[in-house]
1. For a label point 7 Å from the Cα of Ile625 along Cα→C-beta, name the residues of the stretch 542-574 whose backbone N is under 17 Å from it.
2. What does the charge add up to near Gln564, with Lys and Arg as +1, Asp and Glu as -1, over the other residues with Cβ less than 12 Å from its Cβ?
3. By its C-alpha gyration tensor, with a ≥ b ≥ c as the square roots of the eigenvalues, how is the stretch 534-582 shaped: rounded for a/c under 1.5, else prolate for a/b larger than b/c, else oblate?
4. Solvent-accessible area per residue for the chain at a 1.4 Å probe radius, Å²?
5. Net charge near Thr530, counting Lys/Arg +1 and Asp/Glu -1 over other residues with Cβ under 9 Å of its Cβ?
6. Against the empirical 2.2 N^0.38 Å scaling, what ratio does the C-alpha Rg of the stretch 437-486 come to?
7. With a Förster radius of 51 Å, plug the Cβ-Cβ distance of Asn377 and Asp249 into 1/(1 + (r/R0)^6) and report the FRET value to the nearest 0.05.
8. Residue by residue through the stretch 509-515, which ³J(HN,Hα) values in whole Hz follow from phi under the Karplus form 6.51 cos²θ - 1.76 cosθ + 1.60 (θ = phi - 60°), with glycine and proline marked x?
Amino acid sequence: MLRDVFKNSIKEHIIPFDEYKPYPKCTDRKKWNGVSEEYKKIYKDRVKEYENFEFEGVLASTYLYAGKTDDLTGYGKTYNEKMKALYVLVIAECIENNGKYMRKILDGIWSLLDEATWHYPCPSAMYKRFPACMVDVTDPLIELASSQYAYNIAITYYLLKEKFDEMDINIHKRIYDKINDRIFTPYLTRKDYWWMAFYRHYHKKMGVLYSINNYTPHCTNNVLEAFLLLEDNAERRSQAIEKTMEILDNYISYVADDGWCDEGNAYWFMAYGALNLVLDKIYIATNHYVNIFDNKKIYNMGQYLCNAHIGNSYFVNFSDSHPINHLLNSKVILFALHTNNQKLMKLAFDVAKKEDFLQTFKKQVMNFESTFFTLFNTDKISNQYGVSLVDKDYIIDEHYYRDSEVLIVRENNKSYNGIYMACKGGHNDENHNHNDVGNFIVYKDSVPVLVDPGVESYIADTFNKNRYKLWTMQSKYHNLPTFNGIMQKETRKYKAENVTYINSDSRPGISMSIKDAYEKEACLVKYDRTVTFKRNEKSVECVDDFVLAKKSDDVEFSFMTPCQTICKGNVIEFYNKDNMIAKMKFDDGLFSYEEEEIKFRCDKLKEEWNHHLQRIIFKVNRPVIKEKVSFVIT
């Protein structure tokens, strides 16, 4: 896409090094003095915590332990605290402009430059000498953490260049030398990092091929920003942009044309949101010459958030994603601006009000890019878009993702009231995959009824061969059946077949065969699932038609809900607090009914489901070989 259109003429369009000014430098006192007093006070208060902060190095034993166990607790704490301290000190210095924090900032930069490596221990599987996990100085790795190091150091120097140069002119030389060795040179000369997507790589810890995912835009955004802020050699800047365009072409071609984010809504920011940022950097650096913001696939990537939004900050959360997303991120607004997507812009300011940005600033440390956007642009843009949104034309009542096999339907497109359904086909080797082919969710008046549980906080087993021993990854903890004790299986061959979108005004739906999502031990001869949204009846019906190779009484259907439930005959009543919000009718006389209370390990997920999530289990009460069962939610 990029290289095909702009192949041989990049260099002549690149702006001079000193004209690339993406953010106000500390010397731009008009901009920094114009920051609202509310935000200034936040940083003046917050910096007190870091005035005496000690930038400690990472011990070799800490790194070794993290690499061998995948436990980042000790390493991650050191890394995160150093990055937070540097960020707060830099913003505070730009606001106050009195030199008070410069020596501490220099200590922070020096500490980062002194570290033996910048990458996390866990990606040691990328090393050529894996399973050795200590630093291999002959094989520098560029990944999320190392690219973030380069990005943060480069932005710090860019913002405070004049003050650093006044302290000592050699500071710049050391910064450039280290980033050049660890990031710039390998970025220009190598194509074997898996996230560059020139070819697929084998994941040595999980035993599968690496998926092309958010690493690609996230790493390229970090690396290209460092190049544009530090590299004054025009030839190398040109090479960096061209290499970035090649990598982004690989990524964009991998993404489905329909724009569905198969990593889940939470990863939109590191995936499509980061893609938008790096495309913007290329656009600026080439003097507006390289511009693909009007491309349909790029537009679809942003529109995904409108389509996946359920209401009340809930989003469709298939894959490794949480159900609640407040969109408190500049990437959403910037994506809407660049692609001229008015619906996305309105959605962003409906979910995240102007005052929410201020509250977020008070509660947590953000990154540089989000900070600059909030300090210098939020007021202006929110005054234009953050108004009382009477006309909610960004509410999508129906959308089918043909490439990704996902159907989304709601009762109406005027409000978040009414019933909402999303259902997926796909396969079990998607990005951040859960074994969930055929899974569907139902909300009522933006309140969850039948849900995808989401994902708990990451641990070592999340990204190794034990991933599918975690309950959140298993099909029986989604709205799916189990046959003869066999759940769905991971890898791409376990997939939906004959997926059909039922395009009907009154009864839209999706049908598929998901027999092949299970291993042969499930003894399935046939298993077809049809999920229909009945507009006139204001209901969702799931019909499962299955045939077994032999009779079995080991067949159960699972449904996940955060509601309190009461079973009355062949009807389940769902309660949110004390209010009944929905009912589910099932086939009378065929099932026994059980409930399993979910025990959470992750506080975040527990809070998102209001401290309660249960698995409803319908077990057949007699041996069956052929059945057609239905579940109707109203």
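1. 546-555
2. That works out to -3.
3. Numbers: a/c = 2.99, a/b = 1.66, b/c = 1.80.
Oblate, because a/c is 1.5 or more while a/b does not exceed b/c.
4. In whole numbers, the chain has 41 Å² accessible per residue.
5. On the way: positive: Arg529; negative: Asp528, Glu541, Asp544, Asp545.
Summing Lys and Arg as +1 and Asp and Glu as -1 gives -3.
6. On the way: Rg = 13.0 Å, N = 50, 2.2 N^0.38 = 9.7 Å.
With N residues counted in the stretch 437-486, Rg over 2.2 N^0.38 Å equals 1.34.
7. My answer for the efficiency is 0.95.
8. Values per residue, Gly and Pro as x: x, 9, 10, 6, 9, 10, 4 Hz.
The values are calculated or read from the model by the stated rules, or taken from the named source; none is laboratory data. As the structure is a computational prediction, the values presented were derived from the model and not from experiment. Note: ideal-geometry Cβ built from the backbone for every residue, glycine included; neighbour counts use all protein chains shown. Areas reflect the complete protein model, heavy atoms only, side chains present, ligands, DNA and RNA absent. Shrake-Rupley method; radii C 1.70, N 1.55, O 1.52, S 1.80 Å.
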